[in-house]
Amino acid sequence: MPQEDKITVYWLAHSRAQRILWLLEELGLEYNLHMEDRVQMVRAPASYKKYHPLGKTPVVHIEKPDGTVKKLAESGFIVQYLIDHYDTKGKFKPATEDDKDLIDYFNHYSEGTIQPMLVGLLVNEVAGKSVPFPLSVLVKTVTGKINQGYYQPEAEKNISFLNDFLKAQYAKGRKWFVGEKLSAADIMLSFPIQSAITSDRGITLKPVKESYPEMYEYFQFITSQPAWITAAEKVKGYDHVVINGKL
Ligand SMILES: N[C@@H](CCC(=O)N[C@@H](CS)C(=O)NCC(=O)O)C(=O)O
């Protein structure tokens, strides 16, 4: 049956919005992509407030055949909504109630626990670059202390936690975060994992490939999925896309 709902994703480069494209591709849905350039290094342009009052990405608009438009924000909620409404073949249906609970946990964990650490590191990096020399030296000293005292050890602890989780899955012959198949947990965790592996912001002080080999292997695996690659190809030229583990 042709898709009746018209889906538009409001997207920014190097953002959480890319994982929504991965999910849409996995669900076999068509969508329009709206993209504009970031401003002030990392901010969304003010025009994004037209699509949702907070002006962040991802935001998804779903236009129904009767012309009404459902406006969705918050990536965890968007992922949950898209699966609830469009996973007609049950591709993402958890196999057990325990799996469902774990998927829900990771959905909340992704934005509620690990992501704030990564945002803290990003904000501190931008702070150091936003002021001229010699003030920048002072700002970098202060933000460096904050990073060393809190954001870096917390980020590293979380990466280690996720790596241990994958290790336990691999020991059972499994490839994904929950159970035996792709789930919303993988979609949501792909963004912080990609950040840890590709950013030079000091998210982990230990090298990921050597110190967190399971996470490194997992990243090679998810970035080789056909739907991931299709989503990445759609934004090539606008973003540093990762395909088969390579930037
Ligand atoms: N918890 C929100 C966070 C949204 C968010 O902060 N998005 C970033 C992109 S990764 C953004 O829009 N940043 C631009 C800005 O804050 O101006 C979600 O998961 O959707």
**Study point:** For GLY179: the one exception among (1) in contact with a strand residue (DSSP E or B) (Cβ under 9 Å, 6 or more places away or on another chain); (2) assigned to a loop (DSSP other than H, G, I, E, B); (3) among the small types (Gly, Ala, Ser)
**Key:** (1)
Study note, to complete from the structure: If we ask which residues in region 71-94 are within 16 Å of the ligand (Cβ to nearest atom) and farther than 20 Å from PHE191 by Cβ, their number turns out to be 1
Review point. Which of (1) β-branched (Val, Ile, Thr); (2) in a helix (DSSP H, G or I); (3) within 16 Å of the chain's Cα centre (by Cα) is the odd one out, the single condition THR230 does not satisfy?
Key: (3)
Exercise for review: Could you please tell me which pairs satisfy a Cβ distance under 9 Å, a separation of 6+ or placement on different chains, a first residue in region 85-110 that is within 24 Å of PHE161 (Cα to Cα), and a second residue that is polar (S, T, N, Q) and open to solvent by 30 Å² or more (accessible area, probe 1.4 Å)?
Suggested key: ASP104/GLN80; ASN107/GLN80
Revision key, fill the gap. Of the residues in region 11-48, those that are in contact with a Ser or Thr (Cβ under 7 Å, 6 or more places away or on another chain), more than 10 Å from the ligand (Cβ to nearest atom) and in a loop (DSSP other than H, G, I, E, B) number 2
Point to revise | Which numbered condition GLU63 fails, given (1) closer than 17 Å to LEU29 by Cα; (2) within 16 Å of the ligand (Cβ to nearest atom) | key: (2)
**Study point:** LEU82 outside the structural domain of LYS181 (by TED's automatic domain parsing), within 19 Å of the chain's Cα centre (by Cα) and open to solvent by less than 50 Å² (accessible area, probe 1.4 Å)
**Key:** yes
Point to revise | Neighbours by Cβ (under 9 Å, 6+ apart or cross-chain): first from region 229-241, of a type in the set (D, E, K, R); second open to solvent by 80 Å² or more (accessible area, probe 1.4 Å) and part of a loop (DSSP other than H, G, I, E, B) | key: ASP239/HIS14
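The values are calculated or read from the model by the stated rules, or taken from the named source; none is laboratory data. All values reported here derive from a predicted model rather than from experimental measurement. Methodologically, a virtual Cβ is constructed for each residue, glycine included, from the backbone with ideal geometry; neighbour enumeration extends over all protein chains shown. These accessible areas exclude ligands, DNA and RNA; they are computed on the full protein's heavy atoms, side chains included. Shrake-Rupley method; radii C 1.70, N 1.55, O 1.52, S 1.80 Å.
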